[in-house]
Amino acid sequence: MILILTGTPGVGKSTVAKHLAKKINAEVLDLEKIAKKEKIVKGYDRKARSYVINETKLTKAIKKYVTKDENYIIPNHIAQFISPKIVDICVVLRYDPKKLASRLKRRGYHKSKINENVEAEILDTCLIEALQNKQKVHEIDTTGKKVKEIVNEILDIINKKKKPKYGKVKWLPKYENLLK
């Protein structure tokens, strides 16, 4: 099984992946390391302070690191661009934009990067990209939840106790003034 965890930077993907991996005996794949190793990094965007990955070569690169008999979790804000043909479940983690801004500030993010990520969260960017890429999408609002609760929700998704659900998290009406 390949499960991708996507969402704006700071929503909890890496933390959740680490805990979930223990529960389902899965390997967590580092998309950035794979992209560098497979030479699918197109460059570095100084303004965005992030690597630019060739999304068309992403699936081919991932296929080299997975087997059918194992479980994998891929936590990354661009994981939704992996072909849905090899992805079993896509979970989009969401987080309250004001709290996200505080979290990213504590992590030392530059103000422009904080604003960019908060805007992406308000505008549902990762969710929309996952839907456009025809992923099997589940959306979880992680705001105020403990990691164990989020992991349990994902376990329910894996065990088919929860049907695909998205579109319930709506930050725009609450925070549209932040975009002005």
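The values are calculated or read from the model by the stated rules, or taken from the named source; none is laboratory data. Quantities reported herein were computed from a predicted structural model and do not represent experimental measurements. Every residue, glycine as well, gets a Cβ built from its backbone with ideal geometry; the counts of neighbours run over all protein chains shown. Note: accessible area is taken over every heavy atom of the protein model, side chains too, but ligands, DNA and RNA are not part of it. Shrake-Rupley method; radii C 1.70, N 1.55, O 1.52, S 1.80 Å.
For the chain, the Kirkwood hydrodynamic radius from C-alpha pairs, put into Stokes-Einstein at 25 °C and a viscosity of 0.890 mPa s, yields a diffusion coefficient of 147 µm² per second.
Spin-label model, residue 115/residue 163: points 7 Å from Cα along the beta carbon direction are separated by 4.2 nm.
Ordering 13, 105, 162 by how much accessible area each has at a 1.4 Å probe, largest first, what is the list?
Working: 13 20, 105 150, 162 75 Å².
The most accessible residue leads, giving 105, 162, 13.
Given Cβ point charges of +1 (Lys, Arg) and -1 (Asp, Glu) and nothing else, what value in debye, to the nearest 20, does the dipole of region 1-138 about its Cα centre take? Walk me through the numbers before you get to the answer.
Working: 29 positive and 15 negative charges, 99 e Å.
Here region 1-138 has a charge dipole of around 480 debye.
Quote to one decimal, in nm, the extra length available between residue 149 and residue 18 on full extension: 0.36 nm per residue of separation minus the C-alpha distance between them. Before the final figure, lay out each step's value.
Values: separation 131, 0.36 × 131 = 47.16 nm, distance 1.39 nm.
Difference between extended and current length: 45.8 nm.
With R₀ set to 41 Å, the beta-carbon distance separating residue 66 from residue 102 gives a calculated FRET efficiency near 0.70. Compactness of region 60-124 is given as radius of gyration and Dmax, 15.3, 43 Å, from Cα positions.
Segment residue 28..residue 50, full-extension length gain: 5.9 nm, with 0.36 nm per residue of separation and the alpha-carbon distance subtracted.
Can you sort 107, 94, 46 by solvent-accessible area, 1.4 Å probe, largest first?
Values: 107 135, 94 5, 46 200 Å².
So the residues, ranked largest to smallest area, are 46, 107, 94.
Here the simple spin-label model places points 7 Å from the Cα toward Cβ, and for residue 136 and residue 41 these points are separated by 3.3 nm.
In this structure, the residue pairs whose Cα-Cα separation is over 29 Å, taken from 57/105; 13/111; 36/160; 136/174; 23/165, are 57/105; 36/160.
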